[in-house]
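Worksheet: one structure, shown below.
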Amino acid sequence: MDSRAALHRLETAFSTLRPDTVGVIRELYADHAWFKDPFNEVHDSAAIERIFAHMFEQLVEPRFVIVERTLEGRDAWLAWNLDYRVRAAGPQRRIHGASHLVFGEDGRVLRHRDYWDTAEELYESVPLLGSVLRMIKSRLRAS
């Protein structure tokens with residue numbers, strides 16, 4: 001499978017991911033794939049699947065929207081938004097991030113690293129912690 005087709009398959013899977021389809025992760029990732037995000041670092045497709053299953057346990061209606069993509073050889077970059085709610089009646093929230101992916105010859109992901117700012121995207125929405133982080137941020141700002 002060429003990398004373009006592999007990337008399209010991965011984008012489609014993540015854009016339509018639901019609790020009952022999270023098992024597709026094992027098809028998209030090599031058995032000993034490496035995955036890292038701000039909270040996790042694992043080395044097999046079963047563990048990667050558990051991370052995304054856990055996302056559905058913690059968040060209400062999480063949905064990935066791919067906003068930009070770059071592919072060069074077997075390396076891909078995706079810019080994405082994760083829209084979600086913490087509670088069903090709560091406000092819609094968004095995390096903006098990017099993923100670096102490396103595909104194997106068979107089209108499955110060998111390496112997946114997510115980059116996103118936990119302070120700005122997540123912690124600043126926590127009432128007391130958020131105000132402290134915003135104060136620190138304003139003191140460090142150059143202007």
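The values are calculated or read from the model by the stated rules, or taken from the named source; none is laboratory data. Because the structure is a prediction, the values reported are computed rather than measured. Backbone-built Cβ (ideal geometry, glycine too); neighbour counts: all protein chains shown.
Regarding the stretch 125-135, can at least one residue be identified that is β-branched (Val, Ile, Thr), modelled with pLDDT under 95 and closer than 20 Å to residue 22 by Cβ?
Residues of the stretch 125-135 β-branched (Val, Ile, Thr): 126, 132.
Now narrow it down to the ones that are modelled with pLDDT under 95: 126, 132.
Right, trim to closer than 20 Å to residue 22 by Cβ and you get none.
For the stretch 125-135, residues β-branched (Val, Ile, Thr), modelled with pLDDT under 95 and closer than 20 Å to residue 22 by Cβ: absent.
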Which one of 4, 69 is in contact with a Leu (Cβ under 7 Å, 6 or more places away or on another chain) and in a strand (DSSP E or B)?
69
Counting only residues that are assigned to a loop (DSSP other than H, G, I, E, B), over 14 Å from residue 37 (Cα atoms) and modelled with pLDDT under 95, how many does the stretch 72-118 have?
7
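Every residue in the stretch 7-27 that is exposed (fewer than 15 other Cβ atoms within 10 Å of the Cβ) and in a helix (DSSP H, G or I), please.
First pass over the stretch 7-27, keeping only residues exposed (fewer than 15 other Cβ atoms within 10 Å of the Cβ): 8, 12, 15-16, 18-21, 23, 27.
Once the filter is applied, which keeps residues that are exposed (fewer than 15 other Cβ atoms within 10 Å of the Cβ) and in a helix (DSSP H, G or I), the stretch 7-27 yields 8, 12, 15, 19, 20, 21, 23, 27.
Being modelled with pLDDT under 95 and either of a type in the set (Phe, Trp, Tyr) or not in a helix (DSSP H, G or I) (or both) is the filter here; which residues of the stretch 41-59 pass it? Talk me through it step by step, then tell me what you get.
Let us first name the residues in the stretch 41-59 that are modelled with pLDDT under 95, namely 58-59.
Matches in the stretch 41-59: 59 only.
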Suppose the filter is closer than 20 Å to residue 102 by Cα and not in a strand (DSSP E or B); does residue 30 pass it?
no
Pairs under 7 Å by beta carbon, first residue over 13 Å from residue 58 (Cα atoms) in the stretch 78-95, partner among the hydroxyl-bearing types (Ser, Thr, Tyr), six or more apart or different chains?
78/99; 80/99; 93/84; 93/125
Of the residues 89, 53, which is aliphatic (A, V, I, L, M) and surrounded by fewer than 11 Cβ atoms within 10 Å (Cβ to Cβ)?
89
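Residue 69: within 20 Å of residue 37 (Cα to Cα), basic (Lys, Arg), touching a Lys or Arg at 6+ places or on another chain (Cβ under 8 Å) and modelled with pLDDT of 90 or more, yes or no?
On the way: within 20 Å of residue 37 (Cα to Cα): yes; basic (Lys, Arg): yes; touching a Lys or Arg at 6+ places or on another chain (Cβ under 8 Å): no; modelled with pLDDT of 90 or more: yes.
No.
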